[in-house]
Amino acid sequence: MLGEKLFEEKAELGSSFIEVTDEGVMMKQSFQGEIMGMGKFPSGMNMTSGWVKVKPTGKAWGKWNGMIMTKDGDMVVWWGHGNSMRSGPKVSGLMTITYMTMSEKLKWMNQLLVVAEVHGEMNNVMVTGHEWKL
């Protein structure tokens, strides 16, 4: 079940490598963004890299990982995967994200599952994350 809203992020494309295959396009990308945490979710800078496979129909799926450096100096790493639709430069999709940290004050994030909506264009996106509850 969808829980409370945890964060919003505005991310911009850093670099991209594109490979054309028989099945479509494979894009390896990196993004950087600022996370605005809500409630107990930390604010900070997010560095992300991953890949996405885009079919000729515009349907896509990918895997991403990243590192958040919080404003308080803590580090949180994350893994995510998701599906999206693309039409021209527009992208819209959903991701599930899990986290890992050694920070005592953020250790609750080690048990966190987030569902994130991604909207925008290929070179910049807005991400909104909500907690997924049992």
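In the range 2-132, Cα pairs under 8 Å separated by at least six residues give a relative contact order of 23 percent.
Residues with beta-carbon under 15 Å from that of Gly93, excluding Gly93: net charge, scoring Lys, Arg +1 and Asp, Glu -1?
Working: positive: Lys53, Lys55, Lys59, Lys63, Arg86, Lys90; negative: Glu9, Glu117, Glu121.
Net charge around Gly93: +3.
How about Lys53: which lysines have a C-alpha closer than 23 Å to its C-alpha, ignoring those fewer than 8 places off in the same chain? Cα-Cα hits under 23 Å: Lys10, Lys28, Lys63, Lys90. Computed from the C-alpha gyration tensor, the three semi-axes of the ellipsoid equivalent to the chain are 27, 15, 13 Å, from longest to shortest.
For His119 and Met100, compute 0.36 nm times the residue count separating them, minus their Cα-Cα distance, and round to one decimal in nm. Write down the numbers at each step before the final one.
Values: separation 19, 0.36 × 19 = 6.84 nm, distance 2.50 nm.
So the extension gain works out to 4.3 nm.
Read-outs: derived from the displayed coordinates by stated rules, not from any lab. Everything quoted here is computed from the prediction, not taken from an experiment. Cβ: placed from backbone, ideal geometry, glycine included. Neighbour counts: every protein chain shown.
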